[in-house]
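Notes for the one structure printed next.
The values are calculated or read from the model by the stated rules, or taken from the named source; none is laboratory data. Because the structure is a prediction, the values reported are computed rather than measured. Because the Cβ atoms are built from the backbone with ideal geometry, glycine has one as well, and the counts that use them run over all protein chains shown. Only protein heavy atoms, including side chains, enter the accessible area calculation; ligands, DNA and RNA are left aside. Shrake-Rupley method; radii C 1.70, N 1.55, O 1.52, S 1.80 Å.
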Amino acid sequence: MINVSFWNIVFTVINLLILFVAFRIFFFKPIANIIAKRQQEANEIYDNAAEKESQADELKKEYEQKLVSVEEEKKQIISDARKSADSQYQKILADAKEDARNIKDAAVVEANQEKSKIIAGAKKEIADIVVDATTKVVGSKTGADIDSSLFDEFLGKAGE
């Protein structure tokens, strides 16, 4: 049979307590320390990841702001270029109109000069014809028939 003695139970309980304390000191504490260190490392990694994520979010916001400012700057540059091109177009157009006006004025002046030369030449020719007619009249006969023939001759030469 099994003898159950008080001292056996006490020694078993003491052995169990000693084993519990030994396990606690040599087994549970180192394992708890390892678990705590790993938990701390995991927390640090998580904190670093969270910090990196917040930095990435800030960089993303900065990038988006820069992108918006670049877009606005692009629009401003395009607007300025259009204004500059428009002003250059207006200047070129005004210069072209001024040149056309000057050319037209010069042509009008030249045409008037040519007209004056032509009129002066025509007057000279008419005066020569009149002088010729007068010399013929004075040099030859006088009378209505002569005047009529001289007038016809004058008209014939003036028509040429």
Original post:
Can you name the number of the only condition in (1) at pLDDT 95 or above; (2) loosely packed, with under 10 Cβ neighbours inside 10 Å that GLY139 fails?
Top reply: (1)
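Given the options VAL109, VAL4, name the one that is out of contact with any Gly (no Cβ under 6 Å at 6 or more places or on another chain), free of Cβ contacts under 8 Å to residues at least 24 places away in the same chain and not in a helix (DSSP H, G or I).
Numbers: VAL109 fails: not in a helix (DSSP H, G or I).
Going through VAL109, VAL4 in turn, the sole match is VAL4.
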**OP:** For ILE103, indicate whether it is part of a helix (DSSP H, G or I), more than 30 Å from GLY156 (Cβ to Cβ) and open to solvent by 90 Å² or more (accessible area, probe 1.4 Å).
**Re:** yes
**OP:** Filter region 78-90 down to residues that are under 15 Å from the mean Cα position of the chain (by Cα) and open to solvent by less than 100 Å² (accessible area, probe 1.4 Å), then give me how many there are.
**Re:** 8
Original post:
So how many residues does region 107-136 have that are hydroxyl-bearing (Ser, Thr, Tyr) and at pLDDT below 80?
Top reply: 2
